[in-house]
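K.L.:
Sharing a structure, written as structure tokens. Questions coming.
Just so you know, all these numbers are worked out from the coordinates, no wet-lab data involved. Treat the numbers as computed from the prediction; the structure is a model and nothing was measured. Cβ coordinates were reconstructed from backbone atoms using ideal geometry, including for glycine residues, and neighbour counts include every protein chain displayed.
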Amino acid sequence: MRIPCPSCGERGHEEFAYLGDASLVRPDPTAPDAEARFADYVYLRDNPAGALRELWYHAAGCHAWLVVTRDTRTHEISGVEPAKAAALRRQEAG
Amino acid sequence: MTDRYSFLSILKEAFSGQKGWEPVWREPAPKRDYEVVIVGGGGHGLATAHYLAKEHGITDVAVVEKGYLGSGNVGRNTTIVRSNYLLDGNIPFYELSMKLWEGLEQDLNYNAMVSQRGVLNLFHSDAQRDAYARRGNAMRLNGVDAELLDQAAVKKMLPFLDYDNARFPIQGGLIQRRGGTVRHDAVAWGYARAADRRGVDLIQNCEVTGITVEGGRAIGVETTRGFIGAKKVALAAAGNSSRVAAMAGLRLPIESHVLQAFVSEGIKPFIDGVVTFGAGHFYISQSDKGGLVFGGDIDGYNSYAQRGNLPTIEDVCEGGMALMPRIGRVRLLRHWGGLMDMSMDGSPIIDRTPVDGLYLNAGWCYGGFKATPASGFCFAHLIARDEPHPDAAALRLDRFARGTLIDEKGVGAQPNLH
């Protein structure tokens, strides 16, 4: 499996460290149901068989965090973007 | 007709042209409804069916399997059985499993090649020795056998290991002599045959496509062979647990990952037990055919592909070379991958779910094979009596939200633990 890093080009996945599902967002700790939401955030996963947006860190390369869209059944990668861009977009969307 | 395997039956069949053997199990069409439908015809599902029939007298049971019986992880593991756990929630459960292994072949009337050849975990530093001594003490306090060996004792058993490795010198090991290996396919076949004999329907090539829930209660499953009604639906779908549970609207504390295993060409007798490398992640034994059977870490990313990637193969083989350099010229014969239901604390789940009549057996990480008998035994108990078996009482689904994790590794919520 090779990951096309936006700054370094296509590299073997052994250069990257994996964090998992990129859709998880840390809940608001002051919300009244914060405890239940944190339990969901820390432990529960969609774990889809198919397209998954996931976080990879280019540890042996440019040290960028990436959001990679990969099919978990075939390892086919359909999109890569810097995690920063994804986070800014999420922030703008509120 | 000959339906019991024994020395006499082999002799009888030898003199009558081998014509009396029956098929090992029937191939029934699914009935309209059952008391219990088990989703998943792997080791755990088949064991559950066997113990439901044998221990609880519930024989109106179907096991539905999307492929063929035992096509998943029960035939993809490295066949190791052991009960060398540290934590209270785990030790009694895995020891129950070990005791069931010891009586398995008589119980099933099936040769599963249970071989208690010993499992040796090596340690490579003073700190690791202390941790293993603690683990051994915890085991012995729970009535499990464990023995701490010094370097001289290990050297006597395995003279060819790299004891003077500059980074990871071998100082000794913790051995569980009752641990060992079991022929994994035979476990699936033996449980299938025993369950079938008691009237359980084993339905192959029947994929579950939906779980029907009415008024908060599971009433059956939609399958590729039509609707099958059930008073109780029991999930034992291993790496596909999240997908099946999602059909009933549940999200699980599980990620699916791929684990690879390897076997070498057959060589002369060389390693007589199971040996694990304590400084990396590598475990090895030798099959009765002579192949070295070994494995290591999961690939480390979510996967539903039953195949892995090359960097992990390199990593596993490096572990092997650090431990026993003499395997360097042995050629790899085959390698394969299986889907692991990696739970967030490294321990399994055997519990009811928020949906009435829906039971869950999942989260085995990559330790599911050794647990097969106890998993089936305790899951059957839960399904039949609606209360957890005492030895599996800690393996609850809500332990994550309650903060009562069974975290053998002690590193917090991660889906990459054992």
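K.L.:
Any idea how far apart A:Val25 and B:Arg329 come out in nm if each label point goes 7 Å out from Cα toward Cβ?
P.N.:
Computed distance between label sites A:Val25 and B:Arg329 equals 6.1 nm.
K.L.:
Now, a different point. Roughly how many debye, to the nearest 20, is the charge dipole of chain A about its Cα centre, given +1 on each Lys and Arg Cβ, -1 on each Asp and Glu Cβ, and no other charges?
P.N.:
180
K.L.:
Now for a separate question. Provide a whole-number value for the mean count of partner chain Cβ atoms within 10 Å of the Cβ atoms in peptide B:294-302.
P.N.:
Counting Cβ atoms of other protein chains within 10 Å of each residue's Cβ and averaging gives 4.
K.L.:
Sticking with this one: What does the charge add up to near B:Thr79, with Lys and Arg as +1, Asp and Glu as -1, over the other residues with Cβ less than 13 Å from its Cβ?
P.N.:
Numbers: positive: B:Arg76, B:Arg82, B:Arg117, B:Arg183, B:Lys289, B:Lys370; negative: B:Asp185, B:Asp288.
For residues surrounding B:Thr79, the net value is +4.
K.L.:
Treating only the Cβ of Lys, Arg, Asp and Glu as charged (+1, +1, -1, -1), what charge dipole size does segment B:173-293 show about its Cα centre? Round to the nearest 20 debye.
P.N.:
Details: 14 positive and 10 negative charges, 82 e Å.
My answer is approximately 400 debye.
K.L.:
Ranking request for peptides B:122-129, B:273-280, B:237-244, B:5-12: highest mean number of other beta-carbon atoms within 10 Å first, then the rest in descending order. Walk me through the numbers on the way to the answer.
P.N.:
Values: B:122-129: 17.2, B:273-280: 22.0, B:237-244: 24.8, B:5-12: 11.5.
Peptide ranking by packing, descending: B:237-244, B:273-280, B:122-129, B:5-12.
K.L.:
A further question follows. Within the protein assembly as shown, which cysteines find no other Cys whose Cβ is under 4.7 angstrom from their own?
P.N.:
Lone cysteines by the Cβ rule: A:Cys62, B:Cys206, B:Cys317, B:Cys365, B:Cys378.
K.L.:
Neighbouring Cβ atoms within 10 Å as the yardstick, rank A:Val42, B:Val63, B:Val293 fewest first. If you can, show how the numbers build up before the last one.
P.N.:
Values: A:Val42 16, B:Val63 31, B:Val293 21.
Ranked by crowding around the Cβ, least crowded first: A:Val42, B:Val293, B:Val63.
K.L.:
Using modelled backbone amide H atoms (1.01 Å from N, in-plane), which distant-in-sequence or interchain residues come within less than 5 Å of B:Gly300's amide H?
P.N.:
For B:Gly300, the qualifying residues are B:Val258.
K.L.:
Peptide B:250-262: average number of partner chain Cβ atoms within 10 Å per residue? Working shown, then result.
P.N.:
Working: counts 1, 6, 5, 7, 4, 7, 5, 3, 2, 0, 0, 0, 0.
For this peptide, the per-residue mean of nearby foreign Cβ atoms is 3.
K.L.:
Residue farthest toward the positive end of the dipole of the protein assembly as shown, with Cβ of Lys/Arg at +1 and Asp/Glu at -1: which of B:Ala194, B:Ala362, B:Pro348?
P.N.:
In the protein assembly as shown, that residue is B:Ala194.
K.L.:
Tell me, what ³J(HN,Hα) does each residue in segment B:68-76 have, in order and in whole Hz, if you take phi through Karplus 6.51 cos²θ - 1.76 cosθ + 1.60 with θ = phi - 60° and put x for Gly and Pro?
P.N.:
10, 4, x, 7, x, 5, 5, x, 10
K.L.:
Going by how many other beta carbons lie within 10 Å of each one, how would you line up B:Arg334, A:Arg73, fewest first?
P.N.:
Numbers: B:Arg334 10, A:Arg73 15.
Going from least to most buried by this count: B:Arg334, A:Arg73.
K.L.:
Also, quick follow-up: Excluding B:Ile254 itself, what net charge comes from residues whose Cβ is under 10 Å from its Cβ, given Lys and Arg +1 and Asp and Glu -1?
P.N.:
On the way: positive: A:Arg45, B:Arg251; negative: B:Glu255, B:Asp341.
That sum, taken over residues with Cβ under 10 Å, equals 0.
K.L.:
Mind giving me the nanometre distance, one decimal, between the label points for B:Arg217 and B:Asp386, set 7 Å out from Cα along Cα→Cβ?
P.N.:
Spacing of the two 7 Å Cα→Cβ label points: 1.0 nm.
K.L.:
Here is a further query. If packing is taken as the mean number of other Cβ atoms within 10 Å per residue, what is the order of B:65-75, B:204-214, highest first? All intermediate terms of the calculation are to be shown ahead of the outcome.
P.N.:
On the way: B:65-75: 21.5, B:204-214: 16.8.
Packing proxy ranking, top to bottom: B:65-75, B:204-214.
K.L.:
Here is a follow-up. Residue farthest toward the positive end of the dipole of segment B:100-182, with Cβ of Lys/Arg at +1 and Asp/Glu at -1: which of B:Ala127, B:Gln106, B:Leu174?
P.N.:
In segment B:100-182, that residue is B:Ala127.
K.L.:
Rounded to the nearest 10 degrees, what's the angle between the helix B:91-108 long axis and the longest principal axis of chain B, both from Cα atoms, 0 to 90?
P.N.:
The helix B:91-108 is inclined about 70 degrees to chain B.
K.L.:
Treat each spin label as a single point 7 Å out from the Cα along the C-beta direction, and report the A:Phe38 to B:Phe160 distance in nm.
P.N.:
Placing both labels 7 Å beyond Cα along the Cβ direction yields 5.3 nm.
K.L.:
Check B:Gly42: other-chain or 5+ apart residues with amide H under 5 Å from its amide H, H built from backbone geometry?
P.N.:
Residues meeting the amide H criterion: B:Gly70.
K.L.:
A follow-up question, please. Under a Cβ-only charge scheme (Lys and Arg +1, Asp and Glu -1), can you give me the dipole magnitude of the protein assembly as shown about the Cα centre, in debye to the nearest 20?
P.N.:
Values: 56 positive and 60 negative charges, 185 e Å.
Dipole magnitude for the protein assembly as shown comes out near 880 debye.
K.L.:
Okay, next question. Ordered by packing density, taken as the mean number of other Cβ atoms within 10 Å over each peptide's residues, highest first, how do A:51-59, B:378-386 rank? Kindly include the intermediate steps, with their values, before the conclusion.
P.N.:
Working: A:51-59: 18.0, B:378-386: 21.6.
With the highest mean Cβ count within 10 Å placed first, the list reads B:378-386, A:51-59.
K.L.:
Which net charge results for the neighbourhood of B:Leu158, defined as the other residues with beta-carbon distances under 13 angstrom from its beta-carbon, given Lys and Arg at +1 and Asp and Glu at -1? Don't skip to the answer; put the middle values down first.
P.N.:
Values: positive: B:Arg117, B:Lys155, B:Lys156, B:Arg326; negative: B:Asp162, B:Asp272.
Local charge sum for B:Leu158: +2.
K.L.:
Using only atoms on other chains, find how many Cβ atoms lie within 10 Å of each Cβ of peptide B:306-313 and report the average. All intermediate terms of the calculation are to be shown ahead of the outcome.
P.N.:
Values: counts 1, 1, 2, 6, 4, 5, 2, 0.
Counting Cβ atoms of other protein chains within 10 Å of each residue's Cβ and averaging gives 3.
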